[in-house]
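One structure is given here, and the rest of the page talks about it.
Bear in mind these aren't lab numbers, they're just calculated from the coordinates by the rules spelled out. All values derive from a computational prediction rather than experimental measurement. Cβ placement follows ideal geometry from the backbone for every residue including glycine, while neighbour counts extend to all protein chains displayed.
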Amino acid sequence: MRDTDINSNKTLPTYLVWLFAAASGLSVANVYYAQPLLATLAQEFGLTEAASGMIITATQLGCALALLLLVPLGDMLNRRRLTLVQLVMLCLVLLALGSATSTTGLLAGMLMTGLLGTAMTQGLIAYAASAASSHERGRVVGMAQGGVMIGLLLARTLSGLVADIAGWRAVYLVSAAISLALLVLLWRMLPPSPQAEKRLSYGALLASMVHMLAHNKVLQVRGVLALLMFAALSIFWSSLVFPLSAQGYTHTAIGAFGLVGVVGALGAARAGSLADRGQAQWTTGAALLLLLAAWLPLGFTTQALWPLIVGIIALDLAGQAIHVTNQSLIFKQESDGHSRLVACYMLFYAVGSGLGAIAATSVQALAGWWGVCGLGALVSLVALVFWRLTLPAAKT
């Protein structure tokens, strides 16, 4: 029996749906706490603006390793036990990161935070899919993904607020405490995890992902779009701290711009419904045009506040609409391997985010904020052109 069909006659309790959403958001937040802190971290550890991009890149490298090596384990091991073990390890890593005294320790901590934070987040989404019955799976997974979006954006606000009150180290120590409380909740409330009837070896598990990447055309096209889209978002969020810090904004104020992004993320929820009605390509094209247009008002960030707010809303609305549509098309395909399918798709995200971060901080050092916006617009244009070139071969 497939693990996705075990609960076909049951409805997941509302409190569990919200638990999956909250846990997903709290897990992914750890991956993004560093973005408003880059200027402070660079100063404390003696890094240049260009070299500070390594902090985000180390985190994204951890994300990529998690997607490649850890997330697929959900199709092989008991998901409940795996989730709890990963959360225990994440608590320990956050404590170590909050105590880092060297650049090596900092980068190692960021890498492990990306590794375990991503494994937890994507594992919980696959867990939610397997725990839900077929008639509610879209709603449950959508709620979990919504938690990820909110956690990703609000992480910057929480990080900036805590850093202003108690310093950057407190950000990770507070997160460790939150993770410990989450561990107790998940231990007490997570439903039993059904074991798939067909057990694969770890080698066969990874080999099947290679087959997915090589032969799944929808995954390939949507994965490249995700890579370019997340690169554009990373270009913006990784470098925003520099012009705002230069204007005297505090960590709290910089992080609060994540609240603006929530408006765009919530507005993108309708994208999944449009995809279900066969309008996925129209939605994608419109979102890519908006992604490109967003860089014009963002270019005036150093002149006024309102263009920045307009640009953030447009950028996150476009990005999340593309993300939701991508997942809708990918998960529309029948598959016994929820964890592997999530991992394959999100590998493109990790690569795009990492490349965007390192490119953005390098361009910021060389050409300033307008150079960053030009880079973001170029990546967005490439995504639009790629979508148009692959459109004739698309079926949906």
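Figures for the structure shown
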| quantity | calculated |
| --- | --- |
| Gained length - A204 relative to A181, 0.36 nm times residue gap less alpha-carbon distance | 4.7 nm |
| Share of pairwise Cα separations in segment 320-377, more than 20 Å, in percent | 45 |
| Contour excess over end-to-end distance, with Cα ends at T14 and L389 and 0.36 nm allotted per residue | 130.8 nm |
| Förster radius 22 Å - calculated FRET efficiency between A293 and K217, Cβ distance, rounded to 0.05 | 0.15 |
| Neighbour-count order for M212, M112, M189, fewest beta carbons within 10 angstrom listed first | M189, M212, M112 |
| Gaussian network model of the chain, Cα within-10 Å springs - most flexible of R199, R79, R156 | R199 |
| Size of electric dipole in segment 3-393: Cβ of Lys, Arg +1 and of Asp, Glu -1, about Cα centre, debye, nearest 20 | 560 |
| Residue with peak Gaussian network fluctuation, the chain [Cα springs, cutoff 10 Å], from S179, S238, S99 | S99 |
| Enclosed volume per residue, in Å³, of the convex hull spanned by Cα atoms of the chain | 122 |
| Extension gain (nm, one decimal) between T250 and L84, 0.36 nm per residue minus Cα-Cα | 56.2 nm |
| Selected from P72, P192, P307 as most flexible by GNM, with the chain as the system and alpha-carbon contacts under 10 Å | P192 |
